[in-house]
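A.B. asks: Below is the structure I would like to discuss, written out as structure tokens.
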Amino acid sequence: MVEIKAEAPGSLAAVNDFVIKFATVNGSGSSSTNRLFTWALFRMGLSVTPKNIFPSNIQGLPTWFELRVNQRGFVGRRGGVDLVVGLNPQSAVQDLAELSPGGYFLYDSTRPLNPALHRDDIHYLPVPLTRICAQEFSQSRQRQLLRNMCYVGVLVELLGVELDVMHGLLEEQFGHKPKLVQLNKRALELSGAYTREHLPSIDLRVERCERSMERAILLDGNTALALGAIYAGATVAAWYPITPSTSLVEAFERYAKRLRHDASGAAHYAVVQAEDELAAIGMVIGAGWNGARAFTATSGPGISLMAEFLGLGYFAELPAVIYDVQRVGPSTGLPTRTQQSDLLAAAYASHGDTRHVLLLPGSVSECFELSAQAFDLAEQLQTPIIVMTDLDTGMNDHVSAPLQWQKGRRYERGRLLDAAALEQREARYGRYLDEEGDGICARTLPGTHPEKGAFFTRGTSRDSYAIYSEEGGHYAANMDRLLRKWQRAAELVPKPILAHGDGTAALGVLCYGSSVDSTLEAVQRIGEEQGIAIDMLRLRAFPFSAAVPEFCASHSQLFIVEQNRDAQMRTLLVQECGNTAMDIQALCHYDGAPITATFIINGILAHTAHSDRDGDVERIEGSPSSVSPGNKQSKQPTPAAL
């Protein structure tokens with residue numbers, strides 16, 4: 001057995017600023033326990049960032065739960081680990097390798113530790129978790145589950161977590177099962193007592209504090225998206241289950257059951273599980289054509305299958321909202337890991353010349369806001385709107401200010417003619433007649449008027465009155481009009497935000513989606529530690545507004561932070577913004593774990609140190625070969641230029 005070193009060198013010391021990584025086995029019940037521990041720290045006023053990194057099987061493979069505590073409010077992944085709870089022999093070598101020098105390795109000492117796991121520069125915290133449970137609890141399943149609560153009890157004692165907070169959470173979660181509450185409290189008590197008697201104190205601590213925001217919530221992005229759809233007036237959801245978007249529709253249905261019934265009890269919503277993604281998007285487009293606010297939720301494989309219907313929605317000009325909660329592709333890829341690799345597939349989905357509006361929320365609150373705005377834009381622009389998030393944003397909890405909804409806010413339904421408006425028209429109604437010159441035509445709903453306003457919704461070419469036509473001039477005129485509408489869309493979509501700097505720095509960084517938090521930390525730390533001023537622009541939508549090429553043109557060195565291999569956002573920037581975006585350097589991270597601030601810092605500094613190099617645009621690569629997801633702070637690779 002490896003002994004604790006009383007004088008271990010380089011001990012890490014921090015208050016409310018560290019990273020814990022729980023390394024366990026999928027199906028062991030550890031995820032629920034880890035979330036309970038996260039909530040305890042959150043209720044003490046701490047800023048917490050949990051990341052659940054889990055396999056796609058039901059039971060048996062390694063799973064990790066990374067929890068960051070940071071008193072400055074940094075909420076992205078930092079990189080590196082300060083304390084490992086190592087309970088999975090299968091991943092122990094990699095888990096130990098990620099631990100920073102001076103860090104702490106908590107393990108189950110019921111059996112001797114493998115000598116291969118010896119390091120001279122860390123502290124070992126042996127606790128016989130299995131033996132404690134075996135001696136106290138009689139049922140085998142109880143022992144397995146309460147072993148998780150035992151390691152939480154060790155952390156509660158070592159870190160100084162308020163025990164009353166843990167007890168309160170247990171009573172909230174298991175209050176309907178008093179015996180279960182007592183069993184979990186007993187596990188906390190036993191492991192806490194063992195810790196006090198046998199383990200030395202450590203230099204990582206938590207202390208209750210006041211948050212920077214007066215009120216805060218801990219919420220996952222999928223639930224925020226579902227709430228946005230509810231508040232936007234969505235009544236139809238058609239979907240085919242796929243990780244990591246399934247919980248979005250489940251949340252929508254849960255809220256719809258509470259909020260979409262009238263006084264008589266009649267439901268005013270429909271949730272349809274289709275036979276596949278093609279049927280789902282077809283139902284959504286049909287519902288939108290009939291006037292309902294409708295959506296589907298999917299991931300990359302679903303976007304591939306929906307491409308032809310998305311082309312129909314674009315060409316026939318039908319409102320629809322699609323949520324793409326991205327995962328690692330191509331093909332099945334890593335279905336329970338995160339990535340931003342559907343951008344090009346979504347932006348230009350379908351054959352022929354198509355361009356789709358993409359919304360890119362960078363926080364939980366923006367998931368709610370942009371989800372609601374998507375339905376307005378879908379009807380204003382009469383086209384599919386694709387909201388792009390990913391597994392990290394969608395399935396992990398995030399600290400956020402309470403969601404806001406403006407009282408009296410009205411839905412934007414665009415140029416929708418009712419029977420009275422049709423009666424008042426002097427000119428003949430034309431479904432695809434551009435009367436305002438911005439490419440957006442007036443539409444009607446089926447049955448609006450017995451004589452006026454009727455048209456055929458066509459996926460074939462037609463003239464301005466929706467009459468079938470094979471004349472090339474009619475087709476070209478229609479495609480030119482759609483391009484004018486695209487230009488109008490750039491004025492309507494959410495504008496980018498200058499999230500750091502004043503716009504005068506020589507170095508500029510662009511980012512979007514779940515990369516925002518780690519990028520913001522990276523540019524702040526580079527400024528503080530290296531004295532390098534950086535402007536950071538947060539992209540929130542495609543098409544890009546005029547502010548994006550202006551930002552690119554005003555900076556002599558540019559980076560785009562992405563979580564995909566092929567720098568897909570850079571491709572969109574070059575395609576849409578031209579020469580102003582040609583010199584962007586892409587920092588690409590794509591191993592399936594959420595990006596870290598350390599990775600971004602290393603990438604930027606590696607290239608600012610060689611900023612005198614001319615020639616091809618350089619792409620900074622992620623390191624996808626690690627067995628255990630995540631970048632190692634103690635052996636953090638410096639990104640290499642290709």
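A.B. asks: What about I122, is it under 20 Å from H198 (Cβ atoms) and either in contact with a His (Cβ under 7 Å, 6 or more places away or on another chain) or open to solvent by less than 10 Å² (accessible area, probe 1.4 Å) (or both)?
C.D. replies: Values: under 20 Å from H198 (Cβ atoms): yes; either in contact with a His (Cβ under 7 Å, 6 or more places away or on another chain) or open to solvent by less than 10 Å² (accessible area, probe 1.4 Å) (or both): yes.
Against the criterion (under 20 Å from H198 (Cβ atoms) and either in contact with a His (Cβ under 7 Å, 6 or more places away or on another chain) or open to solvent by less than 10 Å² (accessible area, probe 1.4 Å) (or both)), I122 qualifies.
A.B. asks: Could you say which residue among L227, L218 is farther than 15 Å from I322 by Cβ and part of a helix (DSSP H, G or I)?
C.D. replies: On the way: L218 fails: part of a helix (DSSP H, G or I).
Just one listed residue meets the conditions, L227.
A.B. asks: Would you mind finding the one in V84, V75 that is among the aliphatic types (A, V, I, L, M) and assigned to a strand (DSSP E or B)?
C.D. replies: On the way: V75 fails: assigned to a strand (DSSP E or B).
Step by step, each of V84, V75 is checked, and only V84 is among the aliphatic types (A, V, I, L, M) and assigned to a strand (DSSP E or B).
A.B. asks: Continuing with the same structure: Applying the selection to the range 356-371, what residues are open to solvent by 10 Å² or more (accessible area, probe 1.4 Å), outside any loop (DSSP other than H, G, I, E, B) and among the small types (G, A, S)?
C.D. replies: Answer for the range 356-371, where residues must be open to solvent by 10 Å² or more (accessible area, probe 1.4 Å), outside any loop (DSSP other than H, G, I, E, B) and among the small types (G, A, S): just S365.
A.B. asks: Does at least one position in the range 186-202 carry a residue that is more than 30 Å from F137 (Cβ to Cβ) and open to solvent by 90 Å² or more (accessible area, probe 1.4 Å)? I'd like the intermediate steps shown before the answer.
C.D. replies: So the first thing to find is which residues in the range 186-202 are more than 30 Å from F137 (Cβ to Cβ), and the list is none.
Checked the range 186-202: no residue is more than 30 Å from F137 (Cβ to Cβ) and open to solvent by 90 Å² or more (accessible area, probe 1.4 Å).
A.B. asks: Being out of contact with any strand residue (DSSP E or B) (no Cβ under 9 Å at 6 or more places or on another chain) and closer than 26 Å to A237 by Cβ: is that true of S350 here?
C.D. replies: yes
A.B. asks: Residues being without any contact (Cβ under 8 Å) to a residue 24 or more places away in the chain and part of a helix (DSSP H, G or I): count how many of those fall in the range 255-276. Working first, answer last.
C.D. replies: Keep residues of the range 255-276 that are without any contact (Cβ under 8 Å) to a residue 24 or more places away in the chain, which gives 257-258, 261-267.
Subsequent filtering for residues that are part of a helix (DSSP H, G or I) retains 257-258.
The qualifying residues number 2.
A.B. asks: For V69, state whether it is more than 25 Å from the chain's Cα centre (by Cα) and open to solvent by less than 40 Å² (accessible area, probe 1.4 Å). Before the answer, list the steps.
C.D. replies: Values: more than 25 Å from the chain's Cα centre (by Cα): no; open to solvent by less than 40 Å² (accessible area, probe 1.4 Å): yes.
When the stated conditions are applied, V69 does not pass them.
A.B. asks: Can we say Q530 is open to solvent by 40 Å² or more (accessible area, probe 1.4 Å), in the same structural domain as Q575 (by TED's automatic domain parsing) and more than 17 Å from Q585 (Cα to Cα)?
C.D. replies: Details: open to solvent by 40 Å² or more (accessible area, probe 1.4 Å): yes; in the same structural domain as Q575 (by TED's automatic domain parsing): yes; more than 17 Å from Q585 (Cα to Cα): yes.
Considered against the rule, which asks whether it is open to solvent by 40 Å² or more (accessible area, probe 1.4 Å), in the same structural domain as Q575 (by TED's automatic domain parsing) and more than 17 Å from Q585 (Cα to Cα), Q530 comes out as yes.
This table checks each residue for (1) in the same structural domain as F174 (by TED's automatic domain parsing); (2) touching a strand residue (DSSP E or B) at 6+ places or on another chain (Cβ under 7 Å); (3) farther than 16 Å from V399 by Cβ; (4) crowded, with 19+ Cβ neighbours inside 10 Å.
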site: F18; (1), (2), (3), (4): yes, yes, yes, yes
site: S28; (1), (2), (3), (4): yes, no, yes, no
site: S32; (1), (2), (3), (4): yes, no, yes, no
site: F37; (1), (2), (3), (4): yes, no, no, yes
site: G45; (1), (2), (3), (4): yes, no, no, no
site: P50; (1), (2), (3), (4): yes, yes, no, yes
site: S56; (1), (2), (3), (4): yes, no, yes, no
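A.B. asks: Which numbered condition in (1) of a type in the set (F, W, Y); (2) within 30 Å of Y107 (Cβ to Cβ); (3) buried (at least 19 other Cβ atoms within 10 Å of the Cβ) is the only one that F174 fails?
C.D. replies: (3)
A.B. asks: Hey, could you check the range 410-426 for residues that are in a loop (DSSP other than H, G, I, E, B) and closer than 15 Å to K452 by Cβ and say which is least open to solvent (accessible area, probe 1.4 Å)? It would help to see each step written out before you state the result.
C.D. replies: Within the range 410-426, the first condition is being in a loop (DSSP other than H, G, I, E, B), and the residues that meet it are 410-415, 417-418, 425-426.
Within this subset, residues satisfying the condition of being closer than 15 Å to K452 by Cβ are 417-418, 425-426.
Working: L417: 32, D418: 85, R425: 57, E426: 185 Å².
If we take residues in the range 410-426 being in a loop (DSSP other than H, G, I, E, B) and closer than 15 Å to K452 by Cβ, then L417 is least open to solvent (accessible area, probe 1.4 Å).
A.B. asks: Select, from G291, G282, G286, G313, the only residue that is part of a loop (DSSP other than H, G, I, E, B), modelled with pLDDT of 95 or more and within 30 Å of D434 (Cα to Cα). Can you show your working first?
C.D. replies: Numbers: G282 fails: part of a loop (DSSP other than H, G, I, E, B); G286 fails: part of a loop (DSSP other than H, G, I, E, B); G313 fails: part of a loop (DSSP other than H, G, I, E, B).
None of the others qualify; the one that does is G291.
A.B. asks: Looking only at helices (runs of 4 or more DSSP H) that lie completely in the range 460-569, which have at least 1 residues being in contact (Cβ under 8 Å) with a residue 60 or more places away in the chain? Step through it out loud before you land on a result.
C.D. replies: Details: elements: 472-492, 516-530, 547-553.
Qualifying helices (runs of 4 or more DSSP H): 472-492, 516-530.
A.B. asks: May I pose another question? Checking the conditions here, which among Q404, Q339 is outside any strand (DSSP E or B), of a type outside the set (D, E, K, R) and under 21 Å from P55 (Cα atoms)?
C.D. replies: Q339
A.B. asks: Continuing with this model, one more query. Just for the range 320-355: of the residues that are among the charged types (D, E, K, R) and more than 19 Å from L225 (Cα to Cα), which one is least open to solvent (accessible area, probe 1.4 Å)?
C.D. replies: We begin by selecting, within the range 320-355, every residue among the charged types (D, E, K, R); these are 324, 327, 337, 342, 353, 355.
From the residues that got through so far, the ones that are more than 19 Å from L225 (Cα to Cα) too are 337, 353, 355.
On the way: R337: 34, D353: 115, R355: 74 Å².
Once the filter is applied, the top-ranked residue is R337.
A.B. asks: Output the residues belonging to the range 436-475 that are among the small types (G, A, S) and touching a helix residue (DSSP H, G or I) at 6+ places or on another chain (Cβ under 6 Å).
C.D. replies: Looking only at the range 436-475, we keep the residues that are among the small types (G, A, S), and these are 437, 439, 442, 447, 453-454, 459, 461, 464, 466, 469, 472-473.
Result: G439, G453, G459, S461.
A.B. asks: Do we have any residue at all in the range 206-219 that's closer than 24 Å to V357 by Cβ and open to solvent by less than 20 Å² (accessible area, probe 1.4 Å)? Before you say what the answer is, go through the steps one by one.
C.D. replies: Of all residues in the range 206-219, those closer than 24 Å to V357 by Cβ come to none.
There is no residue in the range 206-219 that is closer than 24 Å to V357 by Cβ and open to solvent by less than 20 Å² (accessible area, probe 1.4 Å).
A.B. asks: Report yes if some residue within the range 405-423 is within 23 Å of V325 (Cβ to Cβ) and not assigned by TED's automatic domain parsing to the domain that holds T296; otherwise report no. Step through it out loud before you land on a result.
C.D. replies: Pass one, the range 405-423, residues within 23 Å of V325 (Cβ to Cβ): 405.
After this cut, where a residue has to be not assigned by TED's automatic domain parsing to the domain that holds T296 as well, the list is 405.
There is at least one residue in the range 405-423 that is within 23 Å of V325 (Cβ to Cβ) and not assigned by TED's automatic domain parsing to the domain that holds T296.
A.B. asks: Got a number for residues in the range 68-124 being over 26 Å from H589 (Cα atoms), among the hydroxyl-bearing types (S, T, Y) and either touching a Lys or Arg at 6+ places or on another chain (Cβ under 8 Å) or touching a residue at least 40 places away in the same chain (Cβ under 8 Å) (or both)?
C.D. replies: 4
The values are calculated or read from the model by the stated rules, or taken from the named source; none is laboratory data. The model shown is predicted, which means the values in this text are computed figures rather than measured ones. Ideal geometry is used to build each Cβ from the backbone, glycine not excepted, and the neighbour counts take in all protein chains shown. Areas reflect the complete protein model, heavy atoms only, side chains present, ligands, DNA and RNA absent. Shrake-Rupley method; radii C 1.70, N 1.55, O 1.52, S 1.80 Å.
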